Amino acid sequence: MDRFIIEGNRELSGTISVSGAKNAILPVMAACLLAPGKSVLRNVPNLIDLKTMSHLLRVLGARVEYENGMMSIDSRDVCFFEAPYELVSKMRASIYVLGPLLARLGEARVSFPGGCAIGTRPVDLHLKAMEALGADITIEHGYIHARAEKLTGAPIHFEKSSVGATINAIMAAVLASGTTQIFNAAMEPEVDSTVEMLNKMGARIQGCGSTTLTIEGVEQLFPVEMEMISDRIEAGTFLIAGALSTKPVTVENCLPGHLDALLEKLRAAGCELEVAERSITVIPPEVIKPVNILTLPYPGFPTDLQAQFTVLMSLAEGVSFIEDTIFPDRFMHVAELNRLQADIRMERNVATVKGVKQLSGAEVMATDLRASAALVLAGLVAKGSTIVSRIYHIDRGYDRIEEKLNAIGARITRENA
Ligand code: UD1
């Protein structure tokens, strides 16, 4: 199992580039099931989660090829409708095939995703949306079995904002007969980019970027080519790395409009920011000011940057409060950060972070994707060396993170232990 050895206290400076957004690519890959033929996605990074989704699409009968950031998905021969446990248990986003399979084949059997390191993650909203469109759902032997001869457009009211359920509902509704309206739809950029792709394929979805979407079902969708948006969470992780440094760091190939909530908090922490069309330069403060964080659905502060921002706050001059309202149990990184001599106390879903002068290198364990990114950031600024084990988590969502950070001054070695 690979681990990172990070030499701490090094100065980062220069330009670092952001890859395509994993969380935008995963649903778009599933959406390719809806348009028989070969679709092509560009700006696709080399990530374990995308390999897992490719594997799943192949199991369903698609041909998937990947080379040099370009992925082609030929879904002409898709005829199987089961997403097996061994793939769904590796990656919860496998649930994204539920809507498309139902819409295209009239049947889907998807293993019930279990819990994961960031807490219980139910799929009830996905299932309610499918039922609203007329699917008959049963749960048997750990599998969700959904059937519908033909889905029918209907109103769908989400009681809670969910990225995954919104996207699944859209993908099921695009080929349904009649009109579907989705209320309280999630507004994350990953929803918008899926809508853009589907509309390019011939779907009729209106209301993009708002909480109410109207979908007029169409008979057929057609394969397309599309450039994937850049990853706002990877960009945010690098901006926080810059904020922790002593020299300016420029994050390029990013979409600043997707990062407003983070930029506001970085400014409040004392960072100076130079925002251009496709890049942001962060000039770190001499003294990091404490800032409170409340994670919320987009355009609020993303839960996927909570762990990384906690690292920044662990070095602030004062106390900050960090609350996760999306995944209340997503604080596995706290115990590991405290091993690096951070001073963080947990009470329910609120972390009280008392800034310390310096973190101190130690052996820590990555528990989930974003927590691992946080531990890498902490290792970069800690005194001495930090060993982060179980970094397969980080490879799920960051393409060559050590190479990218080393190019701006970090010293991170990947070791097979
Ligand atoms: C996506 C992202 C994940 C991010 C999360 C929130 C992908 C592949 N993953 O996950 O990185 O952290 O959005 O921005 O894009 N919920 C229910 N019932 C459901 C579905 C969700 O109660 O059926 C709850 C969840 O437990 C959570 C909240 O709704 O409290 C939001 O979750 P959701 O937006 O669905 O997250 P994902 O789409 O799984």
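Some values worked out for this structure:
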item: Burial ordering of 200, 160, fewest other beta-carbon atoms within 10 Å first; result: 160, 200
item: For the range 299-417, convex hull of alpha carbons as volume per residue, Å³; result: 112 Å³
item: Sequence of 208, 271 once ranked by neighbouring C-beta atoms within 10 Å, starting from the fewest; result: 208, 271
item: Surrounding net charge for residue 221, when Lys and Arg each add one and Asp and Glu each subtract one, Cβ distance under 12 Å; result: +2
item: Amide H within-cut-off set for residue 343, under 5 Å, with H built and near neighbours excluded; result: 354, 356
item: Modelled FRET efficiency - R0 51 Å, residue 338 with residue 157, Cβ distances, 0.05 increments; result: 0.75
item: Reachable lysines, given that their alpha-carbon falls under 23 Å from the alpha-carbon of residue 38 and they are not under 8 places away in the same chain; result: 22, 51, 200
item: Inter-label distance, nm, simple model (7 Å from Cα along the C-beta direction), residue 406/residue 218; result: 4.6 nm
item: Theoretical ellipticity at 222 nm over the chain - DSSP helices of four or more residues, -39500 (n - 2.57) apiece, nearest 500; result: -9000 deg cm²/dmol
item: For the range 22-227: rounded, prolate or oblate by the Cα gyration tensor [a/c cutoff 1.5]; result: rounded
item: 10 Å-binned pair-distance histogram of the range 1-137 (Cα, whole percent); result: 11, 36, 31, 14, 6, 2
item: Percent RCO, i.e. relative contact order, over the range 180-269, from Cα pairs under 8 Å lying at least 6 residues apart; result: 24 percent
item: Difference of contour (0.36 nm per residue) and Cα-Cα distance, residue 63 to residue 76; result: 3.8 nm
item: Fraction of beta bridges assigned by DSSP in the range 22-227 that are antiparallel (%, nearest 5); result: 75 percent
item: Within a Gaussian network of the chain (alpha carbon springs, distance under 10 Å), most fluctuating of 296, 262, 102; result: 296
item: Proximal aspartates and glutamates relative to residue 160, as straight alpha-carbon distance under 13 Å, when same-chain residues fewer than 8 apart are discounted; result: 124
item: Cut-off under 5 Å, modelled amide H: who pairs with residue 363 long-range; result: 387
item: Among 234, 67, 402, residue whose mean-square fluctuation peaks in a GNM of the chain (springs only between Cα atoms under 10 Å); result: 67
item: Estimated dipole of the chain in Debye, rounded to 20 [Cβ of Lys and Arg +1, of Asp and Glu -1, Cα centre]; result: 480 debye
item: Residue 175 long-range amide H proximity, modeled H, under 5 Å; result: 218
item: Residue order, fewest to most surrounding Cβ atoms within 10 angstrom, among 66, 298; result: 66, 298
item: C-alpha long axis of helix 22-31 to longest principal axis of the chain, angle in °; result: 10 degrees
item: Extension reserve of the residue 347-residue 252 stretch, reckoned as 0.36 nm per residue once the Cα distance is removed; result: 30.5 nm
item: For the chain, share of DSSP beta bridges that run antiparallel, in % to the nearest 5; result: 75 percent
item: Whole-number percent relative contact order across the range 22-227, with pairs defined as alpha carbons under 8 Å at least 6 apart; result: 21 percent
item: Whole-Å semi-axes of the chain's equivalent ellipsoid (Cα gyration tensor); result: 38, 21, 20
item: Distance between modelled label sites at residue 46 and residue 225, nm, 7 Å Cα→Cβ extension; result: 2.3 nm
item: Gain in span if fully extended, residue 319 to residue 89, counting 0.36 nm per residue against the direct Cα distance; result: 79.0 nm
item: Nearby lysines by direct alpha-carbon distance to residue 383 (threshold 20 angstrom, same-chain neighbours under 8 apart not counted); result: 247, 354, 357
item: By average C-beta atoms within 10 angstrom, highest first, the peptides 80-89, 179-188; result: 179-188, 80-89
item: Distance from the range 100-177 to the range 193-268 (C-alpha centre basis), Å; result: 23 Å
item: Rounded, prolate or oblate (a/c below 1.5 giving rounded, otherwise prolate when a/b exceeds b/c) for the range 34-105 by Cα gyration tensor; result: oblate
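Throughout, read-outs are computed from the coordinates displayed, never taken from laboratory work. Quantities reported herein were computed from a predicted structural model and do not represent experimental measurements. All Cβ positions, even for glycine, are placed from backbone atoms using ideal geometry, and neighbour counts span all protein chains on display.
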